[in-house]
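Undergrad: So that we are looking at the same thing, I have put the structure below in structure tokens.
The values are calculated or read from the model by the stated rules, or taken from the named source; none is laboratory data. Predicted model, so just to flag it, every value in this text is computed and none were measured. No Cβ is skipped: glycine too gets one built from the backbone with ideal geometry, and neighbour counts run over all protein chains shown.
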Amino acid sequence: MKFILDNWYLLLIALVSGSMLFYPMLKGAGAGSLSTAQAIQLINREKAVVIDVCEPEEFAAGHVKGAKNVPLGQLEEKLPQTVKNKAVPVILVCAKGARAQRAVGVAKKLGFDNAQALSGGLTAWREASLPVEKA
């Protein structure tokens, strides 16, 4: 007990560092995002469709290989035309992941229950050294 009282700051540092390690896991679990590895599995095994919700200029600068561009502002009108089968998994991608998270809500409202956002967006895709193509 004397050790704990004399070294309370060590205990505090251990608790803070432990919570910092678990924070990304808890944040990712709540968001329902896909890792790059999970996205590749969906693409290869279940023929998932990749939709890039960036603006056309961003899409032309670089995008996931095989992705279709449907800007976030036009998603409600163009997603049903782009992806005919609502049962197919849909992976939504943007530059960092924030717009893709918003796009998931729109897609689910349209009946695409298998829509998910790529965690970290195109940045995470590039960091994983996965193929990127330019228009």
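Undergrad: If you check every pair at least six apart or on different chains, which have Cβ atoms under 7 Å apart with a residue in the stretch 118-133 that is touching a residue at least 12 places away in the same chain (Cβ under 8 Å) and of a type in the set (Phe, Trp, Tyr) first and a residue that is in a strand (DSSP E or B) and crowded, with 19+ Cβ neighbours inside 10 Å second?
TA: Between residues of the stretch 118-133 that are touching a residue at least 12 places away in the same chain (Cβ under 8 Å) and of a type in the set (Phe, Trp, Tyr) and residues that are in a strand (DSSP E or B) and crowded, with 19+ Cβ neighbours inside 10 Å, the close pairs are TRP125/VAL64; TRP125/LEU118.
Undergrad: Select, from THR82, THR36, the only residue that is in contact with a Phe, Trp or Tyr (Cβ under 9 Å, 6 or more places away or on another chain), surrounded by 13 or more Cβ atoms within 10 Å (Cβ to Cβ) and of a type in the set (Ser, Thr, Tyr). Lay out the reasoning, then the answer.
TA: Numbers: THR82 fails: in contact with a Phe, Trp or Tyr (Cβ under 9 Å, 6 or more places away or on another chain).
The unique qualifying residue is THR36.
Quick grid of which residues meet (1) at pLDDT 95 or above; (2) of a type in the set (Lys, Arg); (3) assigned to a loop (DSSP other than H, G, I, E, B):
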| position | (1), (2), (3) |
| --- | --- |
| VAL50 | yes, no, no |
| GLU57 | yes, no, no |
| GLN74 | yes, no, no |
| LEU79 | yes, no, no |
| ALA95 | no, no, yes |
| ASP113 | no, no, yes |
| ALA124 | no, no, no |
| SER129 | no, no, yes |
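Undergrad: May I pose another question? Could you check VAL16 against (1) β-branched (Val, Ile, Thr); (2) surrounded by 12 or more Cβ atoms within 10 Å (Cβ to Cβ); (3) at pLDDT below 95 and say which number it fails?
TA: (2)
Undergrad: (1) in a helix (DSSP H, G or I); (2) in contact with a Pro (Cβ under 9 Å, 6 or more places away or on another chain): which one isn't true of GLY66, the others all being true?
TA: (1)
Undergrad: Considering only the stretch 100-108, I want to know if a residue exists there that is without any contact (Cβ under 8 Å) to a residue 60 or more places away in the chain and assigned to a loop (DSSP other than H, G, I, E, B).
TA: No.
Undergrad: Moving on. Among (1) surrounded by 13 or more Cβ atoms within 10 Å (Cβ to Cβ); (2) over 17 Å from THR36 (Cα atoms); (3) not hydroxyl-bearing (Ser, Thr, Tyr), where does ALA135 come up short?
TA: The failed condition is (1).
Undergrad: Got a number for residues in the stretch 87-121 being of a type in the set (Gly, Ala, Ser) and more than 9 Å from the chain's Cα centre (by Cα)?
TA: Residues flagged as of a type in the set (Gly, Ala, Ser) and more than 9 Å from the chain's Cα centre (by Cα) within the stretch 87-121 amount to 7.
Undergrad: Still on this structure, I have one more. Test GLN41 against the stated conditions and say whether it is assigned to a helix (DSSP H, G or I) and either in contact (Cβ under 8 Å) with a residue 12 or more places away in the chain or not assigned by TED's automatic domain parsing to the domain that holds SER119 (or both).
TA: Details: assigned to a helix (DSSP H, G or I): yes; either in contact (Cβ under 8 Å) with a residue 12 or more places away in the chain or not assigned by TED's automatic domain parsing to the domain that holds SER119 (or both): no.
No: the conditions fail for GLN41.
Undergrad: Right, here's the next one. With the requirement that a residue be assigned to a helix (DSSP H, G or I) and either over 15 Å from LYS68 (Cα atoms) or touching a Lys or Arg at 6+ places or on another chain (Cβ under 9 Å) (or both), what does the stretch 81-93 give you?
TA: The first filter runs over the stretch 81-93 and keeps only residues assigned to a helix (DSSP H, G or I), leaving 81-82.
THR82 - this is the single residue of the stretch 81-93 that is assigned to a helix (DSSP H, G or I) and either over 15 Å from LYS68 (Cα atoms) or touching a Lys or Arg at 6+ places or on another chain (Cβ under 9 Å) (or both).
Undergrad: When the residues of the stretch 42-69 are narrowed to those that are more than 16 Å from the chain's Cα centre (by Cα) and among the aliphatic types (A, V, I, L, M), which ends up surrounded by the most Cβ atoms within 10 Å (Cβ to Cβ)?
TA: Going through the qualifying residues, I end up with ALA61.
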